[in-house]
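Reviewing the structure listed below.
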Amino acid sequence: MSGITRSEAHLLLAGIRVLAHTQQRPPTPEQLAELLQLPATAVRLQLVQLADLGAVALLTSAFETHAEVRDHLAVEPLPVEAGPAIAEDLEAFDRRKQQEKTKMAHLFDSGEHDQRQQDKLRRMDQDLASFRRKKPTNPFGDG
């Protein structure tokens, strides 16, 4: 299992402890990412790795996932130095997702979406009207 170092694991465990103390409940990965100023996707991946080691328990409910410290000594076998980092890629992914979210919010807030829907309905109405004007051909001839 690569990607998380011992110091990163200890940082995550400390963040879980601090948030659990201040909130009186286990934190979500997003709350932990905000506290540590890390990309949320990176924190989620690291928490899964820590859960696989048995250092953290991920408590999943119908709405959220919370993290609890189980065995802080389970992170001691982790390497001290970092391997290949994907944090930059995860941060770029989070940034693209945020841009898409902003774009969609702008589309719906500006009324542009409603205008497109109205234009589409107007074109469909015109097509239907022109279809009705055409006289159907008599399948039995003109007589």
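Quick note: the coordinates plus some simple rules give every number you see, no bench work behind them. In this text, all values refer to a predicted model and were calculated from it rather than measured experimentally. Here the Cβ is made from the backbone with ideal geometry for all residues, glycine too, and neighbour counts use every protein chain on show.
How large is ³J(HN,Hα) for each residue in the stretch 12-20, as worked out from phi by the Karplus curve 6.51 cos²θ - 1.76 cosθ + 1.60 (θ = phi - 60°), to whole Hz, x for Gly and Pro?
Running phi through 6.51 cos²θ - 1.76 cosθ + 1.60 with θ = phi - 60° gives 4, 4, 5, x, 4, 5, 5, 5, 5 Hz.
For a quick check: with amide H placed at 1.01 Å from N, whose amide H comes under 5 Å from LEU59's, ignoring anything fewer than 5 positions away on the same chain?
HIS66, ALA67, GLU68
Hey, got a sec? Which GluC sites (Glu not before Pro) in the stretch 21-97 land in a DSSP loop and have at most 16 other Cβ atoms within 10 Å?
On the way: sites: GLU30, GLU34, GLU64, GLU68, GLU81, GLU88, GLU91; in loops: GLU64, GLU81.
Passing sites in the stretch 21-97 are GLU64, GLU81.
Can you give the calculated 222 nm mean residue ellipticity of the chain, where each DSSP H run of n ≥ 4 adds -39,500 (n - 2.57) and the sum is split over every residue, rounded to the nearest 500 deg cm²/dmol?
Calculated from helices alone, the mean residue ellipticity at 222 nm is -20000 deg cm²/dmol.
May I ask for the longest run of the chain untouched by chymotrypsin sites (Phe, Trp or Tyr not before Pro) that are loop-located per DSSP and have at most 16 neighbouring C-beta atoms (other than their own) within 10 Å? Don't jump to the answer; show the numbers that get you there.
On the way: sites that count: PHE63, PHE140.
Here the longest run is 64-139.
Please give the Cα centre distance for the stretch 45-73 versus the stretch 108-139, rounded to the nearest Å.
53 Å
Based on C-alpha coordinates, I'd like the Rg and Dmax of the stretch 18-64, in Å.
10.6, 26
Once you treat every alpha carbon in the chain as an equal point and sum by Debye, what is log10 I(q)/I(0) at q = 0.12, 0.18 Å⁻¹?
Those come out to -0.63, -1.03, one per q.
Based on the alpha carbons, how large is the Rg to Rh ratio for the stretch 6-85 when Rh follows Kirkwood?
Ratio of gyration radius to Kirkwood radius: 0.94.
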